[in-house]
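Visitor: Below is a structure I'd like to ask you about.
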Amino acid sequence: QYFEKFRIPTLNDLYWKEDAFARGNSDLQPEWGWSGDFAIHHRQNLGELLLEISPVFFFNYINNWIVWQPDAITGKWEPVNKSKGKSEGVEFRLKLDYNRQQFHWRTMVSGQYTYARSRQSNGQWSSY
């Protein structure tokens, strides 16, 4: 799948009431960019056990990326626009389904793991 993205700043991004820890930024510009993902789904029947594996690879390329970060002087968290950024990674889904028909019971185990990394246009990795 391929998507074009456009995201306006949220009301929290724009108007977070300043407190001891954070403040909003009414000068933010909207984000825009591209996203995509590619999924593979494998299903294997092993007798009474059904195994499903689904890796999903994804990417996001964003302009005017809205990122909350601490201000260098005050230390208060605030949203800022980064010129460009990208995020990419993989989600891995695993599902085991055990169906013992002679007893009419079923056990299912599933899990998901996501690995993602984000990089700003200056090459720095995001720490959040």
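The values are calculated or read from the model by the stated rules, or taken from the named source; none is laboratory data. Since this is a predicted model, take the numbers as computed values, not measurements. Using ideal geometry, Cβ is built from the backbone for each residue, glycine included, and neighbour counts are taken over all protein chains shown.
Visitor: Testing L14 on (1) closer than 22 Å to K84 by Cβ; (2) surrounded by fewer than 13 Cβ atoms within 10 Å (Cβ to Cβ); (3) aliphatic (A, V, I, L, M), one condition comes back false. Which one is that?
Guide: Unmet condition: (2).
Visitor: Also, quick follow-up: Enumerate the pairs (first residue in segment 49-71 and more than 30 Å from T107 (Cβ to Cβ) and among the hydroxyl-bearing types (S, T, Y); second residue anywhere and modelled with pLDDT of 90 or more and surrounded by 14 or more Cβ atoms within 10 Å (Cβ to Cβ)) with beta-carbon separation below 8 Å, excluding pairs fewer than 6 apart on the same chain, so at least 6 apart or on different chains.
Guide: From residues that are more than 30 Å from T107 (Cβ to Cβ) and among the hydroxyl-bearing types (S, T, Y), the pairs are Y61/G33; Y61/W34; Y61/S35.
Visitor: Residues being modelled with pLDDT under 90 and not in a strand (DSSP E or B): count how many of those fall in segment 40-77.
Guide: 2
Visitor: Pull up segment 20-48, narrow it to residues that are touching a residue at least 24 places away in the same chain (Cβ under 8 Å) and of a type in the set (D, E, K, R), then point me to the one that is surrounded by the most Cβ atoms within 10 Å (Cβ to Cβ).
Guide: E31
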